[in-house]
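The values are calculated or read from the model by the stated rules, or taken from the named source; none is laboratory data. Predicted model only: the values in this text are computed from it and were never measured. Cβ placement follows ideal geometry from the backbone for every residue including glycine, while neighbour counts extend to all protein chains displayed. Quick note on the areas: whole protein, heavy atoms, side chains included, nothing else; ligands and nucleic acids left out. Shrake-Rupley method; radii C 1.70, N 1.55, O 1.52, S 1.80 Å.
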Amino acid sequence: MHVALGDASYDIMLGRGILPALPDLLSERCPAEHYVVITDSAVAPLYGERVSTLLEGSRCTVIPFPAGEWNKTRETWATLTDHMLAAGVGRDGAVIALGGGVVGDLAGFVAASYLRGIPYVQVPTTLLAMIDSSIGGKTGVDTPHGKNLVGAFHQPRVVVADTETISTLPPVHRSAGMAEALKHGVIADADYLTSLLERSEQILDAEPEALQLAVRRSVEIKAAVVAEDERERGRRAILNFGHTIGHAVEAVSGYGILHGEAVAMGMVAEAELGVRLGCTEASTRDRVREAIESFGLPSELDVEATAEKLVEIMTRDKKVRGGTVRFALPATVGTMAHGPEGEWTVPVSTHDIRDLFAQLQVPTQ
């Protein structure tokens with residue numbers, strides 16, 4: 001599949017058992033003198049040595065970092081770039097992001113900033129990374145003030161997604177990854193959402209054909225939206241459904257909640273917000289909850305934080321404009337609500353957000 005972005009265009013190679021094709025794809029799409037494989041401590045034992053072996057004949061350095069969203073920091077970025085400088089990686093080098101969403105975000109930011117930018121390739125190994133975070137060129141790190149607040153847009157040269165790697169994921173991670181697929185159905189394709197619910201058991205059991213169908217359609221939706229709006233100045237904002245509240249939930253948990261689980265909570269809460277604002281049909285809110293629960297994801301906003309703390313984090317979010325928090329809200333399943341001037345997001349006052357949290361029984365202190 002192709003992401004059409006002019007000079008920054010690239011292909012997404014998707015299939016079962018395609019990892020051995022990586023050397024040829026790199027030679028064609030991202031030739032380099034020195035490849036740096038950035039991965040984490042969970043993925044390195046599974047695929048780090050395998051990728052290094054595949055690249056025999058090319059200069060290759062594997063640099064792992066401790067797994068976990070809480071390690072997606074400026075400090076880890078500094079450690080990785082220092083390793084690369086010590087290894088003598090020059091502007092003729094390239095980064096291979098091997099792993100899940102944390103690896104892709106962090107490795108992409110390293111590539112975007114190292115020597116003012118070198119090429120990189122996404123090799124996602126998790127369901128969530130394949131269908132969402134590896135596509136679109138968003139890179140970055142988290143800070144104590146919030147998630148992904150420091151970063152850059154830096155498109156990969158190619159995305160190589162081998163769906164066989166999903167079989168090594170724990171079931172809870174497969175379930176969490178499906179939150180983004182469900183989001184794609186809600187924001188852009190009602191028939192796709194229905195097909196996911198019909199195949200929920202097969203997908204959660206990692207049945208290859210069901211997974212392949214789910215990943216392919218999600219990739220098509222994400223790629224089309226990104227091609228239309230690379231820098232999130234318009235329609236790409238719809239991809240943030242569930243993420244405004246979801247990111248706040250992640251932050252207050254110290255990133256102890258999986259991203260997909262936080263987004264699931266966020267989608268249910270934001271659909272309820274849409275109903276309260278008159279933007280979202282009640283039946284759509286109910287469909288969102290049904291979809292989330294069908295995949296064993298949390299539908300209740302269960303966090304050890306006050307409403308004020310959540311609001312504080314949300315007002316520092318990247319999506320804030322003019323001091324107002326903006327939400328991507330569905331009108332119906334498959335269509336999105338618009339703001340008062342036709343924008344793809346809806347401005348919401350902190351008063352309305354607090355009222356929502358009161359209804360959801362989030363403590364005030």
Cβ-based net charge around GLY274, under 9 Å, with every Lys or Arg adding one and every Asp or Glu removing one: -1
Note, ALA112: beta-carbon cut-off 11 Å, +1 each Lys/Arg, -1 each Asp/Glu, net +1
In segment 53-100, the trypsin sites (Lys or Arg not before Pro) that fall in loop regions by DSSP, at most 15 other Cβ within 10 Å: ARG91
Report the local net charge at ARG29: Lys and Arg +1, Asp and Glu -1, summed over other residues whose C-beta lies under 15 Å from its C-beta. -3
Residues of segment 110-248: accessible area per residue with a 1.4 Å probe, Å²: 32 Å²
Suppose each label sits 7 Å from its Cα in the direction of the beta carbon; what would the PHE153-ARG316 distance come out to in nanometres? 2.5 nm
Given pairs LYS72/LYS222; LYS222/LYS309; LYS147/LYS318; LYS222/LYS319 and cut-off 21 Å on Cα-Cα distance, the over-length ones are LYS72/LYS222; LYS222/LYS309
Take the alpha carbon gyration tensor of segment 20-107, find the square roots of its eigenvalues, order them as a ≥ b ≥ c, and report rounded if a/c is under 1.5; if not, report prolate when a/b exceeds b/c, else oblate. oblate
Zone of THR350 (label point 7 Å along Cα→Cβ, backbone N under 18 Å): which residues in segment 280-309? 305-309
Suppose each label sits 7 Å from its Cα in the direction of the beta carbon; what would the GLN359-ASP205 distance come out to in nanometres? 3.8 nm
Counting only protein heavy atoms, what percent of the accessible surface of segment 1-49 is carbon or sulfur at a 1.4 Å probe? 49 percent
Per 0.36 nm of contour for each residue apart, how much would the distance between ALA21 and SER195 grow if the chain were fully extended, relative to their Cα-Cα spacing? 59.6 nm
Based on DSSP H runs of at least 4 residues, each adding -39500 (n - 2.57), what is the mean residue ellipticity at 222 nm of the chain after dividing by all its residues, to the nearest 500 deg cm²/dmol? -13000 deg cm²/dmol
Write out the GluC sites (Glu not before Pro) in segment 54-122 meeting two conditions: DSSP loop, and at most 12 other Cβ atoms within 10 Å of their Cβ. GLU56
Dividing the alpha-carbon Rg of the chain by 2.2 N^0.38 Å yields what? 0.95
